[in-house]
1. Kindly establish whether M1 is out of contact with any His (no Cβ under 7 Å at 6 or more places or on another chain) and within 24 Å of R129 (Cβ to Cβ).
2. In region 69-87, how many residues are farther than 29 Å from G58 by Cβ and touching a residue at least 24 places away in the same chain (Cβ under 8 Å)?
3. Are there any pairs, at least 6 apart or on different chains, whose C-beta atoms fall under 6 Å, with the first in region 3-19 and within 15 Å of V67 (Cα to Cα) and in contact (Cβ under 8 Å) with a residue 40 or more places away in the chain and the second among the aromatic types (F, W, Y) and in a helix (DSSP H, G or I), and if so, which?
4. So, in region 109-127, exactly how many residues are out of contact with any helix residue (DSSP H, G or I) (no Cβ under 7 Å at 6 or more places or on another chain) and either at pLDDT below 90 or not charged (D, E, K, R) (or both)?
5. Can you tell me which residues in region 35-50 are under 17 Å from H95 (Cβ atoms) and exposed (fewer than 15 other Cβ atoms within 10 Å of the Cβ)?
6. Kindly provide the set of residues from region 101-133 that are over 16 Å from Q4 (Cα atoms), assigned to a loop (DSSP other than H, G, I, E, B) and free of Cβ contacts under 8 Å to residues at least 24 places away in the same chain, ordered by number.
7. Which of (1) small (G, A, S); (2) buried (at least 18 other Cβ atoms within 10 Å of the Cβ); (3) out of contact with any Ser or Thr (no Cβ under 9 Å at 6 or more places or on another chain) is the odd one out, the single condition S11 does not satisfy?
8. Can you tell me which residue is nearest to the chain's Cα centre (by Cα) among those in region 51-70 that are crowded, with 19+ Cβ neighbours inside 10 Å and under 20 Å from E120 (Cα atoms)?
Amino acid sequence: MLRQIARKILSVLEYHDAELSILILDNDGIQEINREYLQRDRPTNVISFAMQEGEGAGLVPLLLGDVVISAERAATDAAEAGIPFIHEIWFLLVHGILHLLGYDHERGTAAEAELMEAKEAEIFALLLREFPL
């Protein structure tokens, strides 16, 4: 189902033929990646590695990159928010894919963060309508 959700997200964003990888880990696994590649020694909910940025960008235009999600963190966040675990995974996938496409809520302006949040909300609402549990 996650593959189907990813395809829908990419389709909505008009990246119909794009490719990405999705890796689901526990907190220890994502913390190791966060420490090794981002020098942040803590678990997080999602990390994206964009292939269309930096050295080598554009070599394979339809290969967007990698989205790494902590299922353990997603389960905790979903429980705290009172939402289904799978919906939290979907939201993190939306968030991660938007990062692969250049959306940035951390280093960008407040307007860029708002744009990303609005796009997340729009796509997530569409997923909830099209894939009811």
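The values are calculated or read from the model by the stated rules, or taken from the named source; none is laboratory data. Everything numeric here is computed off the predicted structure, so don't read it as measured data. Here the Cβ is made from the backbone with ideal geometry for all residues, glycine too, and neighbour counts use every protein chain on show.
1. Here the answer is yes, as M1 does meet what is asked.
2. Total meeting the criteria: 9.
3. Once the first residue is within 15 Å of V67 (Cα to Cα) and in contact (Cβ under 8 Å) with a residue 40 or more places away in the chain and sits in region 3-19, its partners that are among the aromatic types (F, W, Y) and in a helix (DSSP H, G or I) give I5/W90.
4. Matching residues across region 109-127 total 8.
5. Matches in region 35-50: L38, R40.
6. Residues satisfying the conditions are Y103, D104, H105, E106, R107, G108, T109.
7. (2)
8. If we take residues in region 51-70 being crowded, with 19+ Cβ neighbours inside 10 Å and under 20 Å from E120 (Cα atoms), then V67 is nearest to the chain's Cα centre (by Cα).
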